[in-house]
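These notes concern the structure reproduced below.
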Amino acid sequence: MSNPLPTTQAFRSVHLTRQSAPIKVVYIDSHQDPTSNQQFVLWDDIQQVFREAHHVQHNDRALSFLKGPNFNVLKPLRIATAPGAVLDVYIEDPLAAADAAVMQETSIVTPPSSPQEVGAEVNEEENAIVSTPLAVAITYTAAATSSTAAAAAIVGQTLIPGCKGASTSNGSSTCALKSQAAPLSSRNHTPNSDKPTLPSQSLIDITVATTLASTQSTPTATTIRDNKGSQVSAFATSQYGQGFPIDSFLKAANDGNASAQYLAAVHHYYGLGVTQDYAVAIKWYEQAAQQGHMEAKYHLVQMSQGEHGICQDIKLAMEWYCEAGDQEHAGTQFSIGAFFYHGQCVEQSYSLAMSWYLRAAYQGHALAQFNIGLMFMNGQGLPQDHSHAANWFELAAKQGHAAAQLRLGVIYETGQGVSQSYTAALEWFLRAANQGIAQAQFNIGLLYEWGRGVDQDYALAMKWHRKAADQGFAKAQYNIGGFYDRGHGVSLDFKMAMEWYQKAADQGLAKAQCSIGICYHCGQGVPQDFKMAFKWFLKAADQEYADAQYNIGTIYYYGHGVPKDTKAAIEWILKAVKQGNVNAKEALDIMKQQGLGYELEGIES
């Protein structure tokens with residue numbers, strides 16, 4: 001694509017955590033370094049346009065911030081330009097759940113003394129497999145190669161047959177996907193609003209919508225030749241024909257050259273030098289796919305899953321998926337694994353999902369390695385094995401997969417499948433935290449708060465909690481409130497404590513709501529107000545928060561802000577007792593000793 005403005009760089013956004021249609025290309029001014037004469041774009045300028053920018057990629061390569069002679073990152077932060085290319089700005093979706101293990105929390109009944117106890121607890125929904133059938137492209141680097149070798153050493157088992165299946169009597173192979181495909185649907189070029197959606201709960205849902213997956217099938221030679229062998233055009237200096245007018249290869253596409261048809265599809269899909277047109281892109285993808293072009297088949301099936309996709313012939317889509325998967329296209333193998341895992345368009349099969357994930361994982365596909373780790377951890381399709389899970393997480397983590405790094409940190413913190421090591425936990429948390437993962441930053445804060453693997457340091461704990469809190473992480477906001485409440489690493493300040501509790505409570509964190517109730521009840525940071533205390537305790541109690549249930553019971557017992565009501569007090573305290581609340585149990589015993597009569601009849605403490 002020719003750049004209409006020589007001193008600019010072209011960008012487009014791609015969501016990290018959900019599929020989205022490509023947006024219009026945006027041009028941002030570039031600058032020239034006076035020393036190296038290198039063109040660059042300021043990171044601040046990128047963030048002005050793409051508010052939730054996470055990182056920038058050129059095809060499969062993530063672009064680092066430019067560094068000086070001493071390898072220190074230059075300030076202000078800057079990204080090198082790529083003349084003639086469109087750089088992808090990966091956007092963090094503020095609604096997407098980061099992958100992670102969360103630390104177990106301590107209850108608060110009186111003004112908090114320990115808001116967050118170190119000790120890993122992984123929520124069930126956070127164990128969910130990566131749910132997208134779309135795949136991130138594989139970069140065949142030295143790291144991926146070593147990862148492949150390591151992967152092969154972990155599971156010494158024969159892969160379960162996938163698409164190739166068993167041979168039929170006539171010698172052809174049967175494909176599990178094809179044989180299980182759903183009934184055919186009408187084939188047209190309109191979005192399929194009725195297509196099945198994947199489960200919403202996912203540990204991390206990394207999708208790159210119709211990513212230009214790998215360049216193995218894309219012509220990289222100096223020329224492209226049509227079917228008759230005549231020279232078409234030169235593309236040596238620009239991947240996917242960017243920087244060349246579309247007319248230079250459109251003739252070859254019309255003459256039936258599959259590679260040129262694929263390039264025509266790419267240009268129309270992304271609006272490179274032409275008006276963006278999904279229908280035309282689909283037409284060219286289909287023509288290339290019908291000639292066996294693997295990348296075209298892969299992207300055409302990917303488009304059938306998108307918001308802007310087509311009402312795809314499912315059986316044909318599965319056939320194309322099988323062909324690409326059997327030709328060792330790692331992204332497709334990962335996608336097939338996701339189909340089988342979720343039972344989307346096929347009968348659910350954890351064993352077949354594992355089979356396809358393994359094939360992708362052996363090629364260094366980090367998401368597949370991560371999903372295999374989750375399946376070992378959850379015992380899905382094979383016996384539960386935390387040691388194997390840790391090994392697979394480590395393979396993905398060493399490739400920079402932030403979710404795997406965080407998961408591995410929790411594994412070392414708890415000693416689940418590995419020898420417990422707070423030092424190793426901190427190391428992996430740091431790797432994830434440096435990628436901006438809020439839960440990793442929060443967990444580091446906990447380690448410093450409690451002195452696990454490091455010297456206890458409230459100032460550093462506050463620093464890491466603040467990093468997570470600034471990203472809106474409610475538990476970190478709550479813990480900062482606890483620091484101000486107790487004067488840990490900061491001056492005692494009930495008003496500031498209240499402000500931070502409020503941030504977390506507004507996100508629905510029950511223990512923060514309960515703490516606000518305590519602040520109102522005690523008049524700390526706010527004027528004493530029993531009615532407001534009761535209101536906030538009720539919010540937390542509605543979430544079955546035992547301490548709040550106990551506190552409501554005491555309010556009814558003493559008549560603070562509400563009419564005194566012993567029966568209501570007992571009912572609320574009993575709710576807390578049933579959840580194992582120690583204070584509620586003691587209160588119930590005292591009530592029995594006071595001989596409250598019929599109200600306690602039949603109640604066992």
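Quick notes on this structure:
- Near His31: Cβ cut-off under 13 Å, other residues only, Lys/Arg at +1 and Asp/Glu at -1. The net charge is -3.
- The P(r) of segment 400-543 has a tail past 25 Å containing 34 percent of all C-alpha pairs.
- Extension gain (nm, one decimal) between Asn70 and Glu571, 0.36 nm per residue minus Cα-Cα: 173.6 nm
- Three-way shape label, segment 466-528, alpha-carbon gyration tensor, a/c 1.5: oblate
- For segment 560-573, Karplus couplings with θ = phi - 60° (6.51, -1.76, 1.60), whole Hz, Gly/Pro x: 8, x, 9, x, 4, 8, 5, 4, 5, 4, 5, 4, 6, 5
- Taken about its Cα centre, segment 400-543 carries a charge dipole of roughly 220 debye when the Cβ of each Lys and Arg holds +1 and the Cβ of each Asp and Glu holds -1.
- DSSP bridge pairs, segment 8-91: antiparallel proportion in percent, nearest 5: 75 percent
- Cut-off 12 Å between beta-carbons: net charge of the residues surrounding Asp493, Lys and Arg +1, Asp and Glu -1: 0
- For Asp255 and Lys283, the difference between the fully extended length at 0.36 nm per residue and the C-alpha to C-alpha distance is 8.6 nm.
- Here the label points at Gln420 and Asp33, each 7 Å from Cα along the C-beta direction, are separated by 4.7 nm in the simple model.
- Rounded Å value of the spacing that divides the Cα centres of segment 23-80 and segment 267-290: 29 Å
- From the C-alpha gyration tensor of segment 8-91, square roots of 5λ in Å: 23, 13, 11
- FRET efficiency estimate (nearest 0.05) - Cβ-Cβ, Leu63 to Asp470, R0 35 angstrom: 0.90
- Of Lys511/Lys592; Lys531/Lys578; Lys475/Lys575; Lys398/Lys467; Lys503/Lys592; Lys495/Lys578, pairs whose Cα-Cα distance is over 32 Å: Lys503/Lys592; Lys495/Lys578
- Residue order, fewest to most surrounding Cβ atoms within 10 angstrom, among Met496, Met375, Met591: Met496, Met591, Met375
Throughout, read-outs are computed from the coordinates displayed, never taken from laboratory work. Since the model is a prediction, treat every value here as computed from it, not as a measurement. FYI the Cβ positions are ideal-geometry reconstructions off the backbone, even for glycines, and counts take in every protein chain you see.
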